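Participant: Before I ask anything, here is the structure I am working with.
The values are calculated or read from the model by the stated rules, or taken from the named source; none is laboratory data. Everything quoted here is computed from the prediction, not taken from an experiment. Cβ placement follows ideal geometry from the backbone for every residue including glycine, while neighbour counts extend to all protein chains displayed.
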């Protein structure tokens with residue numbers, strides 16, 4: 001799947017691995033704004049994608065302007081548009097971040113997931129993780 005935000009720029013190809021099922025969709029966003037990470041809400045310059053789930057999924061953010069970005073992903077297994085949580089606010093669905101940034105007491109900081117995009121195309125592989 002191709003996702004475009006603006007004209008010109010490079011392509012960032014993202015592969016999500018280790019999905020536990022092919023149910024639902026994978027939602028992803030990519031932003032340069034640390035204050036909007038990991039949800040990207042309210043960021044007109046962010047890139048987003050929604051693709052059908054599978055054990056491995058690949059999509060492309062096209063026309064990406066150079067900058068420092070971070071990607072957040074959610075395996076929305078019931079396709080309800082949100083990250084479902086269990087008791088103690090633990091995520092029930094899968095999640096992943098660029099640079100395989102680790103989750104501690106909440107999502108990683110932008111800095112832990114950030115990577116640079118220049119003029120050359122690049123690829124990111126993100127391992128989906130599940131707590132339950």
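Participant: If I filter region 1-21 down to residues being buried (at least 19 other Cβ atoms within 10 Å of the Cβ) and more than 14 Å from residue 66 (Cβ to Cβ), which single residue comes out as modelled with the lowest pLDDT?
Facilitator: First, pick out the residues of region 1-21 that are buried (at least 19 other Cβ atoms within 10 Å of the Cβ): 3, 9, 12, 14, 16, 19.
Adding the requirement that they be more than 14 Å from residue 66 (Cβ to Cβ) leaves 3, 14, 16, 19.
Working: 3: 53, 14: 97, 16: 97, 19: 97.
Ranking the qualifying residues of region 1-21, first place goes to 3.
Yes or no, residue by residue, for (1) touching a residue at least 24 places away in the same chain (Cβ under 8 Å); (2) under 19 Å from residue 81 (Cβ atoms); (3) out of contact with any strand residue (DSSP E or B) (no Cβ under 6 Å at 6 or more places or on another chain):
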| residue | (1), (2), (3) |
| --- | --- |
| 13 | yes, no, no |
| 16 | yes, yes, no |
| 24 | yes, yes, no |
| 32 | yes, no, no |
| 41 | no, yes, yes |
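Participant: Sticking with this one: Let me confirm something: among 78, 45, which residue is over 13 Å from the mean Cα position of the chain (by Cα), under 20 Å from residue 131 (Cβ atoms) and either part of a loop (DSSP other than H, G, I, E, B) or at pLDDT 95 or above (or both)? Talk me through it step by step, then tell me what you get.
Facilitator: Working: 45 fails: under 20 Å from residue 131 (Cβ atoms).
Answer to the check: 78.
Participant: Right, here's the next one. Are there any pairs, at least 6 apart or on different chains, whose C-beta atoms fall under 7 Å, with the first in region 64-90 and touching a residue at least 40 places away in the same chain (Cβ under 8 Å) and at positive phi and the second assigned to a loop (DSSP other than H, G, I, E, B) and surrounded by 12 or more Cβ atoms within 10 Å (Cβ to Cβ), and if so, which?
Facilitator: Taking only residues 6 or more apart or on different chains, the pairs are 67/32; 79/24.
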